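The values are calculated or read from the model by the stated rules, or taken from the named source; none is laboratory data. Quick caveat: nothing in here was measured; it's all calculated off a predicted structure. Neighbour counts run over all protein chains shown; Cβ positions are idealised from the backbone, glycine included.
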Amino acid sequence: MNVAQSSVSAPASAAAPWFEPEWPAPASVRALFTTRHGGVSAAPWDALNLGAHVGDRPEHVAQNRALLQAAVHERGGGELLFLNQVHGCDVLDLDSQAPGESLSGRAADGSITGQPGQALVMMVADCLPVLITDRAGQRVGAFHAGWRGLAGEQGRGILESAVEAFVRARPQAPVLAASELLVWLGPCIGPSAFEVGEEVRQAFARVQPEALTLFQPVAQRPGHWLADLAGLARLRLRAAGVSAVYGNDGTTAWCTHTQSASFFSHRRDGHRLGGTGRMAACIWRV
């Protein structure tokens, strides 16, 4: 199987609080992706909601985060780092921060570290979660790719920022090539449900004309398109020199909108139920 097109068995069938990504990351790299199961929140955030900004009771969010923290601790990880995600392209490099500096709640849509134990978190409920490491497991990163962050500006979006953060020179470490990176794409809204306007299609097509193949017209709605978010991410990663991409292949099993029993979906439940929870992709070194 071509690595760039590889995928794993469907993650959505298991009614478990989280699952571990299937990808050839080094043994020193651990990761989890949460589902909606196993928490304490009431509807419409039932049950393992990790978002503190979606209207859920704060004490329920705190209990849910404690459950995830315990699972990370059991797997050799340390404190979870939750950021303020803003659908942008900024990446927080923890290794360049001042010692003792508070990082929780910092505005960024990606984080990267080589520090053992530090657990990076990205929350999603339709956007694409992206986990990255290198083949030697020297650093790990977590990234949040909605269409705005993925498209970015003038061809530089969150994934370009992510690759740059990994390959740039670092003290006492060789410069990495993009071909040395391993990427896992988690569940997101799928190509049968992600309806967008012409401005979104053009935002990608201006940079990569081949992106047009990842938009299908919506019947009876001229100017509206069904977008393949995971496919667009694979296209941008390939252009950045990354070929080892695993996880979400755009099939229904990975669709947050379709798999309502396992995943939260902002588009599906935001208006219908008045809100929805947030899931998390986590990664750390041991």
Counted residues in segment 218-247 being within 16 Å of the chain's Cα centre (by Cα), within 15 Å of residue 193 (Cα to Cα) and not aliphatic (A, V, I, L, M) come to 2
Being surrounded by fewer than 24 Cβ atoms within 10 Å (Cβ to Cβ) and among the β-branched types (Val, Ile, Thr) is the requirement here; does residue 258 meet it?
yes
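Would you call residue 166 surrounded by 12 or more Cβ atoms within 10 Å (Cβ to Cβ) and without any contact (Cβ under 8 Å) to a residue 40 or more places away in the chain? Before the answer, list the steps.
Details: surrounded by 12 or more Cβ atoms within 10 Å (Cβ to Cβ): yes; without any contact (Cβ under 8 Å) to a residue 40 or more places away in the chain: no.
Answer is no for this residue.
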Discussion item. Given the criteria closer than 27 Å to residue 199 by Cβ, in contact (Cβ under 8 Å) with a residue 60 or more places away in the chain and either in contact with a Ser or Thr (Cβ under 8 Å, 6 or more places away or on another chain) or outside any loop (DSSP other than H, G, I, E, B) (or both), does residue 272 qualify?
Written reply: no
Quick check: is even one residue across segment 69-79 surrounded by 20 or more Cβ atoms within 10 Å (Cβ to Cβ) and within 27 Å of residue 245 (Cβ to Cβ)? yes
Okay, strands (runs of 3 or more DSSP E) sitting entirely in segment 192-238 with 3 or more residues that are buried (at least 22 other Cβ atoms within 10 Å of the Cβ) and touching a strand residue (DSSP E or B) at 6+ places or on another chain (Cβ under 9 Å), I get none
_Test: residue in segment 107-125 that is over 20 Å from residue 48 (Cα atoms), touching a residue at least 40 places away in the same chain (Cβ under 8 Å), acidic (Asp, Glu) and crowded, with 23+ Cβ neighbours inside 10 Å_ = yes
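When you scan segment 178-191, how many residues do you find that are in a helix (DSSP H, G or I) and touching a residue at least 60 places away in the same chain (Cβ under 8 Å)?
Initially, segment 178-191 is screened for residues in a helix (DSSP H, G or I), giving 178-180.
When the remaining residues are screened for being touching a residue at least 60 places away in the same chain (Cβ under 8 Å), the result is 178-179.
Qualifying residue count for the region: 2.
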Scanning segment 239-259 residue by residue, those part of a helix (DSSP H, G or I) and more than 29 Å from residue 16 (Cβ to Cβ) turn out to be 239
Condition check for residue 253: over 13 Å from residue 145 (Cβ atoms), aliphatic (A, V, I, L, M), within 17 Å of the chain's Cα centre (by Cα) and surrounded by fewer than 20 Cβ atoms within 10 Å (Cβ to Cβ)
yes
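Does residue 136 qualify as being within 27 Å of residue 22 (Cα to Cα), of a type in the set (A, V, I, L, M, F, W, C), in contact with an Asp or Glu (Cβ under 6 Å, 6 or more places away or on another chain) and surrounded by fewer than 24 Cβ atoms within 10 Å (Cβ to Cβ)? Break it down stepwise before answering.
Working: within 27 Å of residue 22 (Cα to Cα): yes; of a type in the set (A, V, I, L, M, F, W, C): yes; in contact with an Asp or Glu (Cβ under 6 Å, 6 or more places away or on another chain): no; surrounded by fewer than 24 Cβ atoms within 10 Å (Cβ to Cβ): yes.
So residue 136 does not fit the description; no.
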Looking across segment 150-176 at residues that are at pLDDT 95 or above and assigned to a loop (DSSP other than H, G, I, E, B), the single one that is nearest to the chain's Cα centre (by Cα) is 157
Of the residues in segment 20-43 that are of a type in the set (A, V, I, L, M) and touching a helix residue (DSSP H, G or I) at 6+ places or on another chain (Cβ under 8 Å), the one that is nearest to residue 181 (Cα to Cα) is 32
Filtering segment 237-286 down to residues that are closer than 27 Å to residue 155 by Cα, out of contact with any helix residue (DSSP H, G or I) (no Cβ under 9 Å at 6 or more places or on another chain) and not β-branched (Val, Ile, Thr) yields 255, 266, 267, 281
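Yes or no, residue by residue, for (1) over 20 Å from residue 145 (Cβ atoms); (2) in a helix (DSSP H, G or I); (3) not β-branched (Val, Ile, Thr):
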{"site": "32", "(1), (2), (3)": "no, no, yes"}
{"site": "38", "(1), (2), (3)": "yes, no, yes"}
{"site": "42", "(1), (2), (3)": "yes, no, yes"}
{"site": "56", "(1), (2), (3)": "yes, no, yes"}
{"site": "59", "(1), (2), (3)": "yes, yes, yes"}
{"site": "69", "(1), (2), (3)": "yes, yes, yes"}
{"site": "111", "(1), (2), (3)": "no, no, yes"}
Residue pairs within 6 Å by beta carbon, gap of at least six or interchain, first lying in segment 51-76 and among the aliphatic types (A, V, I, L, M), second assigned to a loop (DSSP other than H, G, I, E, B), listed first then second, are 54/275; 61/52
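Any chance you could count how many residues in segment 71-93 are outside any loop (DSSP other than H, G, I, E, B) and of a type outside the set (Gly, Ala, Ser)? So that I can check it myself, show each step before the final result.
Of segment 71-93, the ones outside any loop (DSSP other than H, G, I, E, B) are 71-74, 80-81, 84, 92-93.
Subsequent filtering for residues that are of a type outside the set (Gly, Ala, Ser) retains 72-74, 80-81, 84, 92-93.
Number of matching residues: 8.
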